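The values are calculated or read from the model by the stated rules, or taken from the named source; none is laboratory data. From a predicted model like this one, the values you see are computed outputs, not experimental measurements. Reconstructed Cβ throughout: ideal geometry from the backbone, glycine too, with neighbour counts over all protein chains shown. With ligands, DNA and RNA removed, areas are computed over all heavy atoms of the protein, side chains included. Shrake-Rupley method; radii C 1.70, N 1.55, O 1.52, S 1.80 Å.
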Number of protein chains: 2
Amino acid sequence: MNSEKLKIAVLGGTGNIGEGMVLRLALQNLMTEGVKNEIIIGSRSRETADEAAKKALSELENCGFNTSGITITGSTNLEAAQAAEMIILTIRFDNVLPLLDEIREALENKILITPVVPMVKEGNLFIYKPPEEGSAALAIQKRTPASTKIVAAFHNIPAGKLKDVVKCKAVHHALVCSDDVEAKKKVMELTQHMGCLKPLDGGPLQQANTMESLTPLLINLAKLNGLKDLGINFS
Amino acid sequence: MNSEKLKIAVLGGTGNIGEGMVLRLALQNLMTEGVKNEIIIGSRSRETADEAAKKALSELENCGFNTSGITITGSTNLEAAQAAEMIILTIRFDNVLPLLDEIREALENKILITPVVPMVKEGNLFIYKPPEEGSAALAIQKRTPASTKIVAAFHNIPAGKLKDVVKCKAVHHALVCSDDVEAKKKVMELTQHMGCLKPLDGGPLQQANTMESLTPLLINLAKLNGLKDLGINFS
């Protein structure tokens, strides 16, 4: 019955951005044009992942959505990655590379989405601090099998707006970049019906550093100008 | 009679962005709340600068504006910098550092605005290529007197929209960063009434690298997505 649904693993799906991603992806199953999917939340502990899955479903129910066509389950990071065709890394950069080693075999031929931003706090503001490869995306590419299709996306979505599935009407641009044209197209399609995002082609993976560096910029601009949950639009 | 007007030198004011800046600054003299100013276009050749000044005035006249209260003159880069209280560098990065050596004495205690973006073309796309200091802004700071107040601003304004003084209704955010709080405030005030820009505090000068890197991103996004003259908005 679910055989045609796209299986998406949200690793670190118990965190702030992960929670929002899970809700937005789940809602696509209620839309005519959304990408039909089945979501597997991955975490170090299966119990935490299970709880996050239940919480997401009950949040959607509390908002009045019919969740009978929505599947969200919890699992370990490894099992989630094994089961999925598309994997999203909503994990801090410090923890990403060790995790990739753990789940390496499960990444063969998969689409791996990185919204990961390496940044540090200096004083009151955040500074983009890419690894020597030039970006988290390129470091991730180096650490994964050659058959893994790396797509950098979803760096610049304010978690607050992502999670606010009912009230949020703001539509921001989501930049998507990858060296794999087909994988990029799939992620852009997925983005199209998340209810708050318009995808833009960001070019090849080498461009990911600029996208990653926008996240500390957005946080800093919000802090410096008394704003909140800033997203970005190009026009 | 013009004693209270802010004297602004636009060095390299004969180029694409320079032309647009001159027109936008000149128009402030016709607005109730604009910063009243006198514009001196600087160029390597006084004749070229003179011609650019005349062209700007006749463009404004052709658009139907009353230019009797607008002063735009041409001069050499050095004399323009000497005469001005605020200096804008609308010059390619390659040419900026040698010019700063030439006009060094004229920069003491002045506000020096850099919209300069070091970038190179690789294949079809542009790549941000900052100098070893980390950004053009920091390289410029290193090359100027300690009393010069460096402000990074106006990197991300599409020249086409800047120059289109009649039709352009688009309002984009302009990020302004500096270590000198007073100078930053003055440039933000100047930006407020350019007719197409809303200033945002971008923090200290160390943050300029992210702002500079947005320019190749905007050019690339336009090319990759069939768009034109892209500006940026945060919300």
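Tabulated results
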{"item": "Search result, residues across region A:155-170 that are in contact (Cβ under 8 Å) with a residue 40 or more places away in the chain, of a type in the set (A, V, I, L, M, F, W, C) and surrounded by fewer than 24 Cβ atoms within 10 Å (Cβ to Cβ)", "result": "A:Ala159, A:Val165, A:Val166, A:Ala170"}
{"item": "Leading residue by the ranking (nearest to A:Leu221 (Cα to Cα)) among those in region B:151-195 that are more than 12 Å from chain A (Cβ to nearest Cβ) and basic (Lys, Arg)", "result": "B:Lys185"}
{"item": "Residue that is most open to solvent (accessible area, probe 1.4 Å), among those in region A:219-231 that are modelled with pLDDT of 95 or more and within 7 Å of another protein chain (Cβ to nearest Cβ)", "result": "A:Leu224"}
{"item": "Exclusive hit being at positive phi and open to solvent by less than 50 Å² (accessible area, probe 1.4 Å), set A:Gly34, A:Gly12, A:Gly74", "result": "A:Gly12"}
{"item": "Qualifying positions in region B:60-99 - closer than 30 Å to B:Ser213 by Cβ, among the aliphatic types (A, V, I, L, M) and part of a helix (DSSP H, G or I)", "result": "B:Ala80, B:Ala81, B:Val96, B:Leu97, B:Leu99"}
{"item": "Which numbered condition B:Lys198 misses (of (1) crowded, with 17+ Cβ neighbours inside 10 Å; (2) within 14 Å of chain A (Cβ to nearest Cβ); (3) at pLDDT below 95)", "result": "(1)"}
{"item": "A:Arg44 being surrounded by fewer than 17 Cβ atoms within 10 Å (Cβ to Cβ) and within 26 Å of A:Gly134 (Cβ to Cβ)", "result": "no"}
{"item": "Residue count for region B:103-121, restricted to those that are without any contact (Cβ under 8 Å) to a residue 60 or more places away in the chain and in contact with a Ser or Thr (Cβ under 8 Å, 6 or more places away or on another chain)", "result": "6"}
{"item": "Pairs with Cβ under 7 Å, 6+ apart, first in region A:181-206 and farther than 18 Å from A:Ile232 by Cβ, second in a helix (DSSP H, G or I) and open to solvent by 20 Å² or more (accessible area, probe 1.4 Å)", "result": "A:Leu205/A:Leu138; A:Leu205/A:Gln141"}
{"item": "Which numbered condition B:Leu57 fails, given (1) part of a helix (DSSP H, G or I); (2) under 17 Å from the mean Cα position of the chain (by Cα); (3) within 24 Å of B:Lys161 (Cβ to Cβ)", "result": "(2)"}
{"item": "1 or more residues more than 18 Å from the chain's Cα centre (by Cα): qualifying strands (runs of 3 or more DSSP E) within region A:119-195", "result": "A:119-122, A:125-128"}
{"item": "Matching residues, region B:122-150, being more than 13 Å from every other protein chain (Cβ to nearest Cβ), open to solvent by 70 Å² or more (accessible area, probe 1.4 Å) and free of Cβ contacts under 8 Å to residues at least 60 places away in the same chain", "result": "B:Glu132, B:Lys142, B:Arg143, B:Ala146"}
{"item": "Hits in region A:25-61 (condition: hydrophobic (A, V, I, L, M, F, W, C) and farther than 14 Å from A:Val10 by Cα)", "result": "A:Leu27, A:Leu30, A:Met31, A:Val35, A:Leu57, A:Leu60"}
